[in-house]
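K.L.:
So that we are looking at the same thing, I have put the structure below in structure tokens.
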Amino acid sequence: MSENNFLTKALDETVLTRRSFLKWSAALGGAVALSGDFTPGLKKAEAAATAATESKWVPAACWHNCGGRCLIKAQVVDGTVTRVKTDDTHADSPDFPQQRGCARGRSQRTQALGADRLKYPMKRVGWAPGGGKKELRGKDQWVRISWDEALNIVASEFKRVKETYGNKAILSKNNNAFLAAYGGNMSIWGTTSSGAWPQPSKTMQATSGSWGESGNDRLDYRNAKLIVLWGSNPIWSSGGSPTYNYLQAKKAGAKFIFVDPFYNDSAMVLGDQWIPVRPSTDTALLMGIAYYMITNKLQDQAFLDKYTSGFDAEHMPKGADPKENFKDYVLGTYDGTPKTPEWASQICGTPPELIRSLAQEIATTKPMTILSTSSPARTYLGEQFAQAFLTVGWMTGNVGLPGAMVSDNQHSRGSYGGPALVRSGGTGVAAVPNPLFNQPTYFGPDPANKEWYGMVWDEVWDAVMTGKYTASVRGKLDCDIKLISHLGLGAALNQSTNLLRGIEAHRKVEFVVTSSSFFTTNAKYSDVVLPVTTMWEREGGTTSGNPEMLIWYSKVVEPLFEAKDDQWIETEIGKRLGLDMQKIYPISDKQMVFNQISGATVMKADASGYEPLVTITEADIKELGVTGKPQMGRIGIKEYKEKGVYQVARTPGDKFGFIAKAAFRADPEKNPLKTASGKLEIYCPALSKVIESYGWNKLSATPKYTPPVEGVEATFSDFKNKVKGDYPLQLYTIHYARRSHSTLDNIPWLREAFPQEFMINSMDAAARGIKHGDIVKVTSMHGSVIRPAFVTDRIIPGVTALGEGAWADLDELAGVDKAGATNTLNGGNPTGQGTQPYNSCVVQVEKYDKPLLPDYKWPQRIMLGKEA
Amino acid sequence: MRKQLGFHINSSICTGCKACQIACNDKNDLSVGLKWRKVVQYGSGSWLSHPVQPAVYTPNNVYAYTVSFACMHCENPICVEVCPTTAMYKRDDGVVLIDANKCIGCRYCEWACPYGEPQFNETVGKMTKCNFCEDLLAKGENPACVDACVMRAIEFGDLAELRSKLGTVTAVEPLPVANLTKPSVVVTPHKHSQVSGRGTGRILGLVQEA
Amino acid sequence: MNIREWALIAFTILAQMSVGSFIVLGIVHFFAARKAGSEESDRLSDRALLAIGPTLLLGLAASLLHLGNPFNAYLAVSNLGSSWLSWEVLSGVLFAAVGGVFALMQWRKFASFAIRNIIAVVAAAVGLVLVYSMSNVYMLRTQPAWNTVLTPISFYTTTLLLGVLAMGAAFVANYAYVQLKNPGCADVQCVLLRDALRWFAITSIVLLGVELVVVPLQIANVAAGTTYAAQASAELYGQNGLLLGVRLALVFLGAGILGVFIYQNALSAGHEKVMGALAYAAFALVLVSEVLGRFLFYATHARIGL
């Protein structure tokens, strides 16, 4: 092609390849802003020329927590990456679909090799032992320092703080092995992602805590006649195959109803009907549905009688007040308030006609699948949603049968239920528990246990400022945080509520350290920043986005600049603290990867158990230079490494079908649930007890609706007469297509594709003189952000939405966050079992008088740090 | 009819996830500002005050859908027609390409093309556009966007075959009316799709310019 | 608005002014020669003729500024079969060449008057083709604001309006020079100048009338359009209303009111100073107005599609 000839010439003369860029910029101390501008629109000639001979496709980690974790392969040429592709390891079919990555996964080349990677350790200029000019955190200059100096500073600060104030003065969200061995730290905890689901799910339906057990097998979704997705937008929040899987159910004849404040992008394709609902009010909507079902005798009474406890006065557990049954609450027998669709409508905003039609449909269509996510439960008093959702689902009797489920399957288990068909082995390195917080992550800390020290996300920054925190049954305890550690994964400052208070807290303590690949919010407000490798620069490992496949990713490129991996950093700090790090990390990275692979197992074809996945020979072990034993499996280790994925082929009717609670449904006497009553517990005293013991609020054992803090009622100064107050709109925060939480927010391609728009209904916008695309200022009780308005009828009136995870970018003079981090708006309102009520927030919106450049045009956060 | 390659865009199952757009950016090293494949969102709707319930509204025909589109490699390509240098040309297989040796960067094609496809590369001062991943085609592979689609909503092939298999719709709102350039595309309309030039909705996405 | 569009504004305005000036000059020269002989006629117009060349070259140079790759600009004549842009470039270059040859011959008085006349007519014809090609460049079927007969009408109007007023100003300057260097023939030149300016004034008033009709029609055209693009153009006109008002006020003042004053002052001898000042002012006002008009032409278009 003449075009290519031209390009070859032009590019040879004028354009640097990425490889030479890296060498060059490394030599210059990285003093170049590439801004991702690598010969836009034109093939890299050099790379193209060598591609035929030297290019190699390496399975690359797609490690983000988006729910997908699909197969991404990077084309490596001369040590750099020229492009990525997704799964092409087998022919694609709906039964056996390729594990195709989303926009986020496809953009990772510009993440791992981004111009804004942190290049070397840096120190804040105004820092001195004890903090120095602490108020300059987030505004200070940075200076490049050596690894040795950085590690010495970090280790000496940990030592100083521990020896002066004790381990509880060290605050860290992560459980770092070195820190655990050094006596532990005050932890940060909370349900974050899973909202208020864990405890209701545990106490009401005896879930063991592994996602997937409440939903049926993927192929069984095709048996459903009706699928209700409640607060669910899988195309944004469950990357990869889930939406495609749902499409197969639709093609098989299922009708889809979406219950959501937003006519979302998944509803656009799958939805046959949209039921709009205000956030934080789903419980009221469910009560309205229950009322319609009860008064029209549509509930599956036989099922309720046999399998559940507490639905009506006749089925209350012994010792319980019979008046506390669910049916009488709904009918208003004792409180005088029947929970009619009209009553519900006033709260949830859903027209009563739609409440009735939804109730009619879910009660009479069988088999029916009703699925929710955590989103409606990520509210103040979110447990009441989980209670009401399970109860209404159970009232339809769609439990334990083909095509029928009442499930909170979501994220990586959206559209997938049942046990993993292929599983990774362990690394062989045991986690060292934090002696000050040795508690489970999923259900959260045991509130009755008095031996843990941790602060819930919503309270942590206030606790740092005030010296008090809530410690479940122990009540309020004192604390004195002197050191905040952001070593390891996570984005504690950006992703916990009450961000502005968090910045104050960061400016109060004596030392803040962050390890990161980018200049994140954590990094920005630190004293010392340590550059970390991305997963693309590490030895490798396993990951999975769903139960049917296991990905083995490998090292794609050598570490960039001076970046080091977490384990190296921990080891170096630990050594300086006098710890025996060899004991903590006794084996090599290579051996850890080998252990994961050799220990991987796959479900036998007859589903009777697991067998080894990988065939390994003596020669393989020798070649890899690891210790292990030869074994027989399904796939050779070399083939697996090259393919990067093992996926279990599925066909309808195979032995891997799974129906949640099938045994219980078949014989509840023989197979009782591990709940207090052995049944599904609509009335659940255990739940009420555990929630109360966390120390923030009470929860009725019966599903009820209580107005939440910053719910719809708070938008009115006079709810009864519908007089709006100072914050007349609700805000809820959504999983946004640009990012996986806060990860990937810095990618210009994704910023261009997804502009972090603020969604507002056209009537609410018109009332404020706001036009589509106008810059608006959104103010809550806790902070203000500015963003372009997306004026639409796709959102219910009175409600606004903003994607969570943008990297806060404060204009402290104007008092606004230009990036639109939702936690600038979300306040710390601790609730329930340590739930982050991200979707309970009230705001005011006004036109902003200054322009705002689209954020893809913002300069990247390229931190050079002048030489010391 | 002579050979003509074309895309099939299944708008009925397009979720607007933009995996195709990013895959295209990646395959073709497009920096921000250049997008050879784009996804446009279209829709409309309103809300009616509930007759009885105060402050409750009923959605009235609220709909949205998305269309992914790149160069249409038109049968009657206006870019080729207006290009003063003949840099823009149509290959034997119907693919519209730019001969960068000839392009003078006058951007006249940019004014003409109703799909906004030819885009100016500031770095080299020339126009660029979707080339159907001709290098991948030559190797027997699929264009990057086709393999990227998580909903399997993009296909490509001989246009005549696509049309006989999938129908003859070549435009839905907000794509321009087809008679301007005769795009080499087959669109499977979304259930809410509106007829090009006669739609009642509007483009919903924010214009990313300022 | 970026450099690229300023380059196009400069090119189209300067090229059209050159064509207009050349044609106006030819007509004036023809009548002046009949009235006062070719020597006086040459004396009236030759210096003005030499001003056209640099103007055009400036315009052509500006046009290169909007190219991403100006070194290959010569390739732009490759598609005469279907691209009006090729025709524009070709006719622009030809006009410069033939006009240049004519100017050289006229300056050095090469060849006979008749032969020079033929070349001048050819150059003028090429100039008209240039303006026609320019119009067609914009008459794209995907550009509703431009794809109308109003585009060539407005381009030709600009051509002639700037032509007469530029030449008016040039003649005044020339007259001052002649008075200084060659006082003996100033009286004859004075008569010729006043004659020319009278006609220029009348012409510009007529062309003003055309513009005052065309501009509202352009707005009406997009306002009546059914495409989103046409509606977007109409909206852009609305957003640029102030600029449009200024543009119309300036052309009304320059071509209309000053035109009347020029005409009055040109009726009898003795007002040359005032008349000259008015001619300069009229040219300046109308040039600014036309630049604004062209700015609006680019600022209010919207393409059909995405």
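K.L.:
Collect residues whose amide H, placed 1.01 Å from N in the peptide plane, falls under 5 Å from the amide H of residue B:47; neighbours closer than 5 in sequence don't count.
P.N.:
Counting only residues 5 or more places away or on other chains, the set is B:60.
K.L.:
A follow-up question, please. Treating only the Cβ of Lys, Arg, Asp and Glu as charged (+1, +1, -1, -1), what charge dipole size does segment A:713-841 show about its Cα centre? Round to the nearest 20 debye.
P.N.:
That gives a dipole near 260 debye.
K.L.:
How high is the relative contact order of segment A:737-868? Use alpha-carbon pairs under 8 Å, at least six apart in sequence, and give a whole percent.
P.N.:
Answer for segment A:737-868 is 29 percent.
K.L.:
Next up: For residue B:3, put the label point 7 Å out on the Cα→Cβ axis and report which residues of segment B:151-175 keep their amide N under 19 Å from it.
P.N.:
Within reach of a label on residue B:3: B:156-164.
K.L.:
Enumerate the calculated ³J(HN,Hα) couplings along segment C:29-40 in order (Karplus 6.51 cos²θ - 1.76 cosθ + 1.60, θ = phi - 60°), each rounded to whole Hz, writing x wherever the residue is Gly or Pro.
P.N.:
Running phi through 6.51 cos²θ - 1.76 cosθ + 1.60 with θ = phi - 60° gives 4, 4, 6, 5, 5, 4, 7, 10, x, 5, 5, 5 Hz.
K.L.:
If you don't mind, another one. For residue C:116 and residue C:190 in one chain, what is 0.36 nm times their gap in residues minus the Cα-Cα distance, to one decimal in nm?
P.N.:
The residue C:116-residue C:190 span can extend by a further 24.1 nm.
K.L.:
Could I ask something else about it? Choose one of A:61, A:227, A:656: the residue whose Cα lies farthest towards the positive end of the charge dipole of chain A (beta-carbon charges +1 Lys, Arg; -1 Asp, Glu; about the Cα centre).
P.N.:
Farthest towards the positive pole: A:61.
K.L.:
Looking at this model, which pairs from A:306/A:661; A:133/A:482; A:133/A:173; A:555/A:629; A:202/A:679 are more than 19 angstrom apart at the alpha-carbon?
P.N.:
A:133/A:173; A:555/A:629
K.L.:
Per-residue Cβ counts within 10 Å, from other chains only, averaged over B:199-205: what number is that?
P.N.:
Neighbouring Cβ atoms belonging to other protein chains average 3 per residue here.
K.L.:
What is the distance, in nm, between label points placed 7 Å from the Cα along the Cα-to-Cβ direction at residue A:858 and at residue C:5?
P.N.:
With each label placed 7 Å out from Cα toward Cβ, I get 2.8 nm.
K.L.:
What order do you get for C:137, C:121, C:24 when you list them from fewest to most C-beta neighbours inside 10 Å?
P.N.:
C:121, C:137, C:24
K.L.:
Taking the Cα centroid of segment A:679-733 and of segment A:420-468, what is the distance between the two, rounded to the nearest whole Å?
P.N.:
That distance is 26 Å.
K.L.:
What residue among B:168, B:127, B:206 has its Cα farthest toward the positive end of the dipole of segment B:95-210, where the charges are +1 on Lys, Arg and -1 on Asp, Glu, each on the Cβ?
P.N.:
B:168
K.L.:
What do you get for GluC sites (Glu not before Pro) in segment B:129-210 restricted to DSSP loop and a cutoff of at most 10 other Cβ within 10 Å of the site's Cβ?
P.N.:
Filter output for segment B:129-210: B:209.
K.L.:
Further, regarding this structure: Restricting attention to segment A:119-211, which trypsin sites (Lys or Arg not before Pro) occupy a DSSP loop and are surrounded by at most 16 other Cβ atoms within 10 Å?
P.N.:
A:133, A:139
K.L.:
Still on this structure: How big is chain B along each principal axis, measuring the range of its Cα positions in Å and listing the largest first?
P.N.:
Cα extents, longest axis first: 69, 42, 31 Å.
K.L.:
Take the Cβ-Cβ distance between residue A:719 and residue A:698 as r, set R0 to 25 Å, and report the resulting FRET efficiency rounded to the nearest 0.05.
P.N.:
Once the sixth-power term is evaluated, E becomes 0.70.
K.L.:
Just checking the output field for A:787-797: average partner chain Cβ neighbours within 10 Å of each residue's Cβ?
P.N.:
The mean count of partner-chain Cβ atoms within 10 Å per residue comes to 5.
K.L.:
Now for a different question. How much length is gained on full extension from residue A:301 to residue A:477, taking 0.36 nm per residue of separation minus their Cα-Cα distance?
P.N.:
Gain on stretching residue A:301 to residue A:477: 58.6 nm.
K.L.:
Using Stokes-Einstein with the Kirkwood hydrodynamic radius over Cα pairs, what translational diffusion coefficient do you get for segment B:48-95 at 25 °C and a viscosity of 0.890 mPa s, in µm²/s rounded to a whole number?
P.N.:
Roughly 159 µm²/s, to the nearest whole number.
K.L.:
Can you give the FRET efficiency to the nearest 0.05 for residue B:182 and residue C:231, using r as the Cβ-Cβ distance and R₀ = 22 Å?
P.N.:
My answer for the efficiency is 0.35.
K.L.:
Here is a further query. Treating only the Cβ of Lys, Arg, Asp and Glu as charged (+1, +1, -1, -1), what charge dipole size does segment A:222-299 show about its Cα centre? Round to the nearest 20 debye.
P.N.:
Using only the charged Cβ atoms, the result is roughly 340 debye.
K.L.:
How large is ³J(HN,Hα) for each residue in segment A:171-177, as worked out from phi by the Karplus curve 6.51 cos²θ - 1.76 cosθ + 1.60 (θ = phi - 60°), to whole Hz, x for Gly and Pro?
P.N.:
Coupling constants for segment A:171-177: 10, 8, 6, 7, 9, 7, 4 Hz.
K.L.:
Just flag the GluC sites (Glu not before Pro) in segment A:612-708 sitting in loop per DSSP whose Cβ has no more than 11 other Cβ atoms within 10 Å.
P.N.:
Qualifying residues, ordered by number: A:669.
K.L.:
Next question, about the same structure. Mind putting a number on the dipole of chain A about its Cα centre? Charges go on the C-beta only, +1 for Lys and Arg and -1 for Asp and Glu, and I need it in Debye to the nearest 20.
P.N.:
Dipole size: approximately 560 debye.
K.L.:
Starting from the Cα coordinates of segment A:712-857, work out the convex hull volume and express it per residue in Å³.
P.N.:
Hull volume normalised by residue count: 118 Å³.
K.L.:
Also, I was wondering about something else. Antiparallel as a % of all DSSP beta bridges within the protein assembly as shown, to the nearest 5?
P.N.:
Taking every DSSP beta bridge within the protein assembly as shown, about 60 percent pair in antiparallel fashion.
K.L.:
Right, something else. Kirkwood Rh, the protein assembly as shown, all Cα pairs: how many Å?
P.N.:
35.1 Å
K.L.:
Another question, if that's okay. Among A:106, A:378, which comes first, then next, by fewest other beta-carbon atoms within 10 Å?
P.N.:
Ranked by crowding around the Cβ, least crowded first: A:378, A:106.
K.L.:
Only Cα pairs within less than 10 Å get springs; with that Gaussian network setup on chain B, which residue of B:189, B:59, B:174 has the largest fluctuation?
P.N.:
B:59
K.L.:
How would C:134, A:287, A:759, C:139 line up from fewest to most surrounding beta-carbon atoms within 10 angstrom?
P.N.:
C:139, A:759, C:134, A:287
K.L.:
Amide H of residue B:188 versus every other amide H placed in the peptide plane: which residues, excluding those fewer than 5 positions away on the same chain, fall under 5 Å?
P.N.:
Those lying under 5 Å, H to H, from residue B:188 are B:9, B:10, B:11, B:12.
K.L.:
Looking only at Cβ-Cβ distances, which cysteines of chain B have no other cysteine closer than 4.7 Å?
P.N.:
B:14, B:17, B:24, B:74, B:83, B:103, B:106, B:113, B:133, B:149
K.L.:
Here is a further query. So how far apart, in nm, are the two label points at residue A:582 and residue C:47 if each is 7 Å from Cα heading toward Cβ?
P.N.:
9.9 nm
K.L.:
Using R₀ = 30 Å, calculate the FRET efficiency as 1/(1 + (r/R₀)^6) where r is the Cβ-Cβ separation of residue C:104 and residue C:269; round to 0.05.
P.N.:
The pair residue C:104/residue C:269 has a calculated efficiency of 0.30.
K.L.:
Would you pull out the residues with amide H under 5 Å of residue A:372's amide H, same chain only if 5 or more places away, H placed 1.01 Å from N?
P.N.:
Answer set, sorted by chain and number: A:230, A:407, A:408, A:409.
K.L.:
Now a separate question. Loop sites only, by DSSP: take the trypsin sites (Lys or Arg not before Pro) in chain B that have at most 12 other C-beta atoms within 10 Å and name the longest stretch containing none of them.
P.N.:
Longest gap between qualifying sites, sites excluded: B:4-138.
K.L.:
Return the sequence-ordered ³J(HN,Hα) values of segment A:108-120 in whole Hz as given by the Karplus equation 6.51 cos²θ - 1.76 cosθ + 1.60 applied to θ = phi - 60°, using x for Gly and Pro.
P.N.:
5, 4, 7, 8, 4, 10, x, 5, 9, 4, 5, 9, 7
K.L.:
Further question: Take a quick pass over segment A:712-857 and tell me how many lysine pairs come in under 16 angstrom between Cα atoms, counting only ones 8 or more apart or on separate chains.
P.N.:
So the count of such lysine pairs works out to 8.
K.L.:
Within 10 Å of each Cβ of B:122-129, how many other protein chain Cβ atoms are there on average?
P.N.:
Taking the mean over all residues of the peptide, I get 6.
Bear in mind these aren't lab numbers, they're just calculated from the coordinates by the rules spelled out. Not measured: the values here are computed from a predicted model. A quick note on method: Cβ atoms are made from the backbone with ideal geometry, for glycine too, and the neighbour counts reach across all protein chains shown.
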